[in-house]
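Worksheet: the structure to be examined is printed underneath.
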Amino acid sequence: MDWMKIGSALFLVAMMVLIYPGMKRALKESPKGTSKDWQAFLLPIVGVVLFVILLIAMVR
């Protein structure tokens, strides 16, 4: 391994250690999603998946 890879790995580990407390607090204090929120999230995702399937079918 060269020094650049070692430095990058150390930097990545340091970032995870520093970000962990903030992420833990954010997950604890975040509002919970309702079923309406999940429907609003899933509808566009399903639409994109179906659109991609349509594009793949048109290419074949």
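The values are calculated or read from the model by the stated rules, or taken from the named source; none is laboratory data. Computed from a prediction, not measured in an experiment: that's the story for all the values here. All Cβ positions, glycine included, derive from the backbone under ideal geometry; neighbour counts span all protein chains shown. Surface areas here come from the heavy atoms of the whole protein model, side chains and all, with no ligands, DNA or RNA. Shrake-Rupley method; radii C 1.70, N 1.55, O 1.52, S 1.80 Å.
Which of the following residues is open to solvent by less than 80 Å² (accessible area, probe 1.4 Å) and of a type outside the set (Val, Ile, Thr): Leu50, Leu12, Leu55? I'd like the intermediate steps shown before the answer.
Values: Leu50 fails: open to solvent by less than 80 Å² (accessible area, probe 1.4 Å); Leu12 fails: open to solvent by less than 80 Å² (accessible area, probe 1.4 Å).
Going through Leu50, Leu12, Leu55 in turn, just one is open to solvent by less than 80 Å² (accessible area, probe 1.4 Å) and of a type outside the set (Val, Ile, Thr): Leu55.
Of Pro31, Pro21, Pro44, which residue is exposed (fewer than 10 other Cβ atoms within 10 Å of the Cβ) and not in a helix (DSSP H, G or I)?
Values: Pro21 fails: not in a helix (DSSP H, G or I); Pro44 fails: not in a helix (DSSP H, G or I).
Only one candidate qualifies: Pro31.
Return the total of residues in the range 30-59 being modelled with pLDDT of 90 or more and among the basic types (Lys, Arg).
Within the range 30-59, residues that are modelled with pLDDT of 90 or more and among the basic types (Lys, Arg) number 1.
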